[in-house]
Amino acid sequence: MSKVDLHLHTIHSDGTMKVGEVINRAAQAGFSAIAITDHDCIDGVADAIRIGKEAGLKVVSGVELSAIYQNHDIHILGYFFDLKNEKLNAELQKFITARYERGEKIVEKLNKLGIRISFEDVRKRVKGRTVGRPHVAEALVKVGVCKTVREAFDSFLAEGKPAYVPKYKISVKDAIELIHQAGGIASLAHPGISRADDFIEQFAKWDLDAVEAMHSKHWDVQVDYFKMRAEQTGLLISGGSDCHGEKRGEPTFGPYFISMEELVKLEQLAENKKNKTTENN
Ligand code: AMP
Ligand code: FE
Ligand code: FE
Ligand code: ZN
């Protein structure tokens with residue numbers, strides 16, 4: 001069966017694998033297609049498409065946007081959008097700047113708690129342009145304040161902990177629109193972890209296209225459940241591993257995938273939508 005993983009992270013957000021490593025790993029494991037979906041960043045996508053071509057692996061454009069709905073953190077995945085879309089790139093630049101400033105604020109909070117760590121310690125952990133809490137956590141381990149990344153989150157960085165700083169987010173409606181105006185389609189990421197079950201109908205009214213039913217942190221019953229919910233709501237399904245690489249706990253790459261048929265449905269929907277927009281213009 002042809003395997004497709006539409007949820008992968010690289011060093012361009014908080015993953016530990018370079019784009020080339022992700023592509024090689026996917027090709028070796030017999031995958032037919034993948035998408036790199038870094039948090040609020042598409043820096044790795046053009047390289048992934050190029051390297052994918054050499055390796056005979058189809059790569060579609062992808063991103064995972066940080067969004068919010070009624071105080072709930074929601075992640076919206078975007079696929080098949082135009083990488084050069086101006087509005088999308090302008091918005092992603094805002095995310096990147098805000099993440100940098102948030103990193104500085106987290107360090108300030110840690111310093112106020114008496115912890116000796118500098119923003120430079122954090123920056124050293126960042127391989128791409130986006131700063132995330134995992135980089136701060138790694139820095140806390142590196143300077144010897146915490147034993148593990150997990151401990152850093154549990155003691156300081158998780159929501160409700162003393163050095164927590166919320167990140168810049170856009171509304172779910174705006175996230176869906178941003179992806180659509182760039183020619184892409186939008187999927188609700190890991191609804192089982194985000195507890196977004198009750199929101200699917202509302203997001204569908206905002207023209208959400210798909211639900212990420214298959215995900216490494218979904219139980220089998222949740223996968224089936226969200227497939228059913230997608231069908232009931234007239235949405236397609238997407239899926240993937242959400243693999244962040246070896247150093248971020250158990251690598252989840254491999255057993256979590258959708259089929260090529262499901263990818264084709266998503267791609268056709270994106271094409272149909274693009275054609276409609278051109279007709280209207
Ligand atoms: P950020 O987008 O900067 O808020 O960082 C969120 C990322 O941190 C998530 O995508 C996970 O990769 C990671 N993360 C969140 N909570 C934890 C945790 N308790 N332990 C380890 N990693 C976590
Ligand atoms: Fe992450
Ligand atoms: Fe996510
Ligand atoms: Zn993810």
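Quick look at the numbers
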| quantity | calculated |
| --- | --- |
| Selected residue (only one of Asp207, Asp220, Asp242 is without any contact (Cβ under 8 Å) to a residue 40 or more places away in the chain, acidic (Asp, Glu) and on the phi > 0 side of the Ramachandran plot) | Asp207 |
| Members of segment 113-148 found to be open to solvent by less than 50 Å² (accessible area, probe 1.4 Å) and of a type in the set (D, E, K, R), listed by number | Asp121, Glu138 |
| Test: residue in segment 22-32 that is in the same structural domain as Pro255 (by TED's automatic domain parsing) and within 16 Å of ligand 2 (Cβ to nearest atom) | yes |
| Where Cys41 falls short, out of the listed (1) within 16 Å of Glu212 (Cβ to Cβ); (2) within 15 Å of ligand 3 (Cβ to nearest atom) | (1) |
| Verdict on Val131 being without any contact (Cβ under 8 Å) to a residue 40 or more places away in the chain, assigned by TED's automatic domain parsing to the domain that holds Glu101 and closer than 23 Å to Ile106 by Cβ | yes |
| Subset of segment 151-175 (residues that are over 21 Å from Asp40 (Cβ atoms) and touching a residue at least 24 places away in the same chain (Cβ under 8 Å)) | Phe156, Pro162 |
| Residue in segment 50-58 that is at pLDDT 95 or above, of a type outside the set (Val, Ile, Thr), in contact with a Phe, Trp or Tyr (Cβ under 7 Å, 6 or more places away or on another chain) and part of a loop (DSSP other than H, G, I, E, B) present | yes |
| Flag if Asp43 is outside any helix (DSSP H, G or I), open to solvent by 40 Å² or more (accessible area, probe 1.4 Å) and charged (D, E, K, R) | yes |
| Any hit, segment 250-259, residues being among the charged types (D, E, K, R) and modelled with pLDDT under 95 | yes |
| Extreme residue, surrounded by the most Cβ atoms within 10 Å (Cβ to Cβ), among residues of segment 253-267 that are assigned to a loop (DSSP other than H, G, I, E, B) and in contact with a Lys or Arg (Cβ under 8 Å, 6 or more places away or on another chain) | Phe257 |
| Spans of strands (runs of 3 or more DSSP E) in segment 144-244 with at least 1 residues away from ligand 4 (no atom under 16 Å from the Cβ) and under 17 Å from the mean Cα position of the chain (by Cα) | 185-188, 236-240 |
| Within segment 96-112, tally of residues that are out of contact with any Ser or Thr (no Cβ under 8 Å at 6 or more places or on another chain), buried (at least 19 other Cβ atoms within 10 Å of the Cβ) and aliphatic (A, V, I, L, M) | 2 |
| Unique match (being within 16 Å of ligand 2 (Cβ to nearest atom), in the same structural domain as Glu261 (by TED's automatic domain parsing) and within 29 Å of Asn275 (Cα to Cα)) among Gly184, Gly234, Gly240 | Gly240 |
| Single match in Asp198, Asp209 (criterion: assigned by TED's automatic domain parsing to the domain that holds Lys18 and open to solvent by 20 Å² or more (accessible area, probe 1.4 Å)) | Asp198 |
| Yes/no for Ala35 being within 25 Å of Arg99 (Cβ to Cβ), open to solvent by 10 Å² or more (accessible area, probe 1.4 Å) and at pLDDT 95 or above | no |
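This table checks each residue for (1) touching a residue at least 24 places away in the same chain (Cβ under 8 Å); (2) within 29 Å of Val136 (Cβ to Cβ); (3) within 16 Å of ligand 2 (Cβ to nearest atom).
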| site | (1), (2), (3) |
| --- | --- |
| Ser2 | yes, no, no |
| Leu6 | yes, yes, yes |
| Met17 | yes, yes, yes |
| Asp38 | yes, yes, yes |
| Ala48 | yes, yes, no |
| Ile74 | yes, yes, yes |
| Tyr79 | yes, no, no |
| Lys87 | yes, no, no |
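The values are calculated or read from the model by the stated rules, or taken from the named source; none is laboratory data. Just so it is clear, the structure is predicted and the values come from calculations on it, not from any experiment. Positions of Cβ are backbone-derived with ideal geometry, glycine not excepted, and every protein chain shown enters the neighbour counts. Accessible surface is based on the protein model in full, side chains and every heavy atom, while ligands, DNA and RNA are left aside. Shrake-Rupley method; radii C 1.70, N 1.55, O 1.52, S 1.80 Å.
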